[in-house]
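Peer 1: Structure incoming, see below.
The values are calculated or read from the model by the stated rules, or taken from the named source; none is laboratory data. What you are looking at is a predicted structure, and each value in this text was computed from that prediction instead of being measured. All Cβ positions, glycine included, derive from the backbone under ideal geometry; neighbour counts span all protein chains shown. To get the accessible areas, we keep the full protein, side chains included, count just its heavy atoms, and leave off ligands, DNA and RNA. Shrake-Rupley method; radii C 1.70, N 1.55, O 1.52, S 1.80 Å.
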Amino acid sequence: MTYGETAASRLDAIARASASAEGVTRLPWTEHHRAALDQIASWMTDAGLEPAQDAAGTLVGRSPNPEGKPVLMIGSHQDSVPSGGAFDGIMGIALGCLVAGALKDRLPALPFALEVLAFADEEGVRFPTALIGPRALAGTLKDEALDMTDRDDVAMRDAMRAFGVAVDKIGAVQRARRDVVAYLEAHIEQGPVLEAEDLPVAAVSAICGISRFDMRITGETGHAGTVPMDGRRDALVAASRIIAAVSDAAAQVPDLRATVGRLSLKPGAVNAIPADVRFPLEIRAPQDTLRETFEAETMALARDICFDANCDLSAVRTYAQPAAVCDPGLTRALEGAIGKADLVPLTIPSGATHDASAMADLCPIAMLFVRCRGGISHRPDEFASAADMDVAVRVMADAILAYADELG
Ligand code: HGY
Ligand code: MN
Ligand code: MN
């Protein structure tokens with residue numbers, strides 16, 4: 001079997017470690033996460049790696065490293081969004097294991113050892129935070145993140161402990177900069193560019209920054225039939241005006257994205273005026289200054305709309321992640337390996353965030369995108385072909401060898 005066919009077969013099998021029949025639903029610290037780790041551990045041992053779970057819950061596959069060399073890390077995340085696809089995250093782990101296997105015999109001559117990382121929680125679906133694994137490695141994890149609770153009021157710390165993670169020792173997970181050469185992540189593109197360019201892979205120039213706000217509009221409920229339209233304090237009308245205005249403003253700013261993915265309201269009766277509306281507002285941009293300027297303009301707009309609607313506004317920034325620029329040296333090595341495969345070495349920005357975003361606080365990062373059909377992701381019909389995954393394994397292995405030469 002080719003590398004790509006092996007990846008396809010493994011990803012097909014691990015997709016069944018899911019809470020949903022439709023698509024893949026695999027949240028961290030669940031039985032499905034456990035089932036996935038069992039399979040990932042076998043991919044690692046098959047590649048000559050020694051798997052072990054660190055105190056942040058990351059499954060780390062280490063290559064033999066008798067001389068205590070610094071490590072080059074390859075990784076991605078095992079978790080998915082609800083009813084998501086079979087490639088987002090997990091494909092990067094599968095390809096990383098195949099790259100490590102392809103390089104097994106070359107490793108003793110390289111100036112670094114290899115580690116493949118299966119991070120537990122990148123999507124931040126179960127808990128209102130994410131990237132626990134890479135943040136623990138980089139030393140940027142805030143302890144209070146572990147006390148965040150899921151919809152069943154389970155704290156992340158307790159869920160990790162119940163999963164068997166030595167979370168009390170999470171502080172010891174941090175790596176010294178000198179011990180990590182770089183972090184490389186293969187990921188489906190989750191966009192339409194590679195398909196449009198008819199390319200199987202591309203290097204990534206930078207990963208967008210992201211901010212999330214908990215927006216809460218409060219007005220006054222009342223009988224839908226008796227309260228006159230004039231003078232109502234309808235929280236849903238105000239929220240709707242904010243959401244539409246922010247979306248229209250974002251459409252005027254190239255490469256900036258603003259999204260509201262959820263909405264809750266009270267009292268929620270068909271014949272009662274909504275009094276309390278809550279929604280998460282997410283803003284992304286490839287430059288942090290662009291994102292921060294848009295945030296300020298958005299909050300001013302929301303305040304004005306709420307004032308006119310005689311409603312109150314609460315806007316709390318709950319999450320922020322700066323944009324991350326990919327390392328020029330490792331990206332050049334990827335571009336060189338893509339050219340060596342007789343492909344146009346395209347390099348594009350990432351509108352999605354990744355584990356690499358947080359790893360950038362520890363070491364140089366680089367990413368390789370793999371074409372996905374229709375640019376579709378976070379959906380059951382997300383798909384990357386065995387042929388494209390095969391190209392990705394070969395390109396990553398060649399790039400790592402070229403990077404090793406450059407490091408000398
Ligand atoms: O939200 C993202 O960009 C990533 O898929 N978690
Ligand atoms: Mn995702
Ligand atoms: Mn992802």
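Peer 1: What does the highest-first list of 168-181, 66-79 look like by mean Cβ count within 10 Å?
Peer 2: 66-79, 168-181
Peer 1: Of all accessible surface on the range 178-313 at a 1.4 Å probe, what whole percent is carbon and sulfur?
Peer 2: Result for the range 178-313: 52 percent of the exposed heavy-atom area is carbon or sulfur.
Peer 1: Report relative contact order for the range 7-70 in percent, whole number only (criteria: Cα-Cα under 8 Å, sequence separation at least 6).
Peer 2: Relative contact order for the range 7-70 comes out at 18 percent.
Peer 1: Roughly what would the spin-label model give for ASP46 and TYR319, points 7 Å off Cα along C-beta, in nm?
Peer 2: 3.2 nm
Peer 1: Here's another thing I want to ask about it. Please work out the Cα convex hull volume for the chain and give it in Å³ per residue.
Peer 2: Dividing the Cα hull volume of the chain by its residue count gives 141 Å³.
Peer 1: Provide Rg over Rh for the range 205-254; use the alpha carbon set for both Rg and the Kirkwood Rh (inverse mean inverse pair distance).
Peer 2: Over the Cα atoms of the range 205-254, Rg/Rh equals 1.19.
Peer 1: Then there's this: How big is the convex hull of the Cα atoms of the range 120-277, per residue, in Å³?
Peer 2: With only Cα atoms used, the range 120-277 gives 192 Å³ per residue.
Peer 1: Same structure again: Where the convex hull is taken over the Cα atoms of the range 31-124, what is its projected area averaged over directions, in nm²?
Peer 2: For the Cα atoms of the range 31-124, the hull's average projected area reads 6.1 nm².
Peer 1: Within the set of other residues whose C-beta is less than 11 Å from the C-beta of ASP54, count the net charge using Lys and Arg as +1 and Asp and Glu as -1.
Peer 2: Residues close to ASP54 contribute a combined charge of +2.
Peer 1: Of the listed pairs LYS104/LYS340; LYS142/LYS340; LYS104/LYS142, which have alpha-carbon separations greater than 32 Å here?
Peer 2: Violating the 32 Å Cα-Cα cut-off are LYS142/LYS340; LYS104/LYS142.
Peer 1: Let me ask something else about it. Can you tell me the 0 to 90 degree angle between the C-alpha axis of helix 90-103 and the longest principal axis of the chain, rounded to 10?
Peer 2: For helix 90-103, the angle is close to 10 degrees.
Peer 1: Ignoring ligands, DNA and RNA, what percent of the accessible area of the range 1-86 is carbon or sulfur (1.4 Å)?
Peer 2: Percent of accessible area from carbon and sulfur atoms in the range 1-86: 51.
Peer 1: Of all the accessible heavy-atom surface of the range 101-143, with the other protein chains kept in place and a 1.4 Å probe, what percent is carbon and sulfur?
Peer 2: Carbon-and-sulfur percentage of accessible area, whole number: 48.
Peer 1: While we're here: Using only Cα atoms, what is the ratio of the radius of gyration of the range 279-402 to 2.2 N^0.38 Å?
Peer 2: 1.44
Peer 1: Using just the helices of the chain, give the 222 nm mean residue ellipticity in deg cm²/dmol: DSSP H runs with n ≥ 4 each add -39,500 (n - 2.57), and the total is spread over all residues, rounded to 500.
Peer 2: Helix-only estimate at 222 nm: -11000 deg cm²/dmol.
Peer 1: What does the charge add up to near SER80, with Lys and Arg as +1, Asp and Glu as -1, over the other residues with Cβ less than 10 Å from its Cβ?
Peer 2: Neighbourhood net charge equals -4.
Peer 1: To the nearest 20 debye, what charge dipole does the chain have about its Cα centre, counting +1 at the Cβ of each Lys and Arg and -1 at the Cβ of each Asp and Glu?
Peer 2: The calculation lands at about 460 debye.
Peer 1: Ok, one more. Mind pulling the angle between the C-alpha long axis of helix 288-308 and the longest principal axis of the chain? Nearest 10 degrees, somewhere in 0 to 90.
Peer 2: Long axis of 288-308 versus the principal axis of the chain: about 20 degrees.
Peer 1: Moving to a separate point now. By how many degrees, 0 to 90 and rounded to 10, does the Cα axis of helix 3-14 deviate from the longest principal axis of the chain?
Peer 2: Relative to the chain, helix 3-14 is tipped by roughly 50 degrees.
Peer 1: Rounded to the nearest whole Å², what accessible area per residue is found for the chain with the 1.4 Å probe?
Peer 2: That works out to 42 Å² per residue.
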